[in-house]
1. Ordered by residue, what ³J(HN,Hα) values in Hz, to whole numbers, does the stretch 59-64 give under the Karplus form 6.51 cos²θ - 1.76 cosθ + 1.60, where θ = phi - 60° and Gly and Pro are x?
2. Only bridges with both residues in the chain count here: give the DSSP antiparallel percent, nearest 5.
3. Based on the alpha carbon coordinates of the stretch 1-117, what radius of gyration and maximum Cα-Cα distance (Dmax) apply, in Å?
4. Can you compute the helix-only [θ] at 222 nm over the chain? Use -39500 (n - 2.57) per DSSP H run of at least 4 residues, normalise by all residues, nearest 500 deg cm²/dmol.
Amino acid sequence: MTVTLMEVDHASWEAHDQVRVDLSRIYHDAPSERLPQNANTFVQSHLNDDGVFYCALFDDRLLAAVSVQKETDAWWLAYFCVRKSMRRRGIGSRLMALIAEAAREQGKTLRVAATQLQLEDQLLLTRLGYRPKASGLYFELNPLAAGGY
């Protein structure tokens, strides 16, 4: 399965019906306690706040997504979700690798706030090369220092 990276910003959300359907489905599959509000409100709020989503694209369909807030030197990742029917196939790990590659190309560090992470999330991040930073406030992957993903 060849998964590619797709950035979804407000313009692509507005322009493509299938993007809206797929991104909504991805976050509707997330447990409700893992999102700050209902799925549609969450997606629209994030996009309205100049956030983007990096998504795993396969066969013209979005299968997984991560919300990204871009800062000058770092991208903050949050609310990672894979469609329920696509879990345990390596799609999430592939998406994270593609994001790391994009960050490396743009000279950005990847960060994930630790406050929202459950134990399984922390284990996944550690396996992917992220390390706790700033007294455990966030996990960080610096693709430039690490030589990439």
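The numbers here are math on the coordinates, done by the rules we state, and not lab data. A quick note: this is a predicted structure, and the numbers were derived from the prediction, not measured.
1. The phi angles translate into 6, 6, 10, 7, 10, 8 Hz.
2. 85 percent
3. 13.2, 36
4. Calculated at 222 nm, the ellipticity per residue is -11000 deg cm²/dmol.
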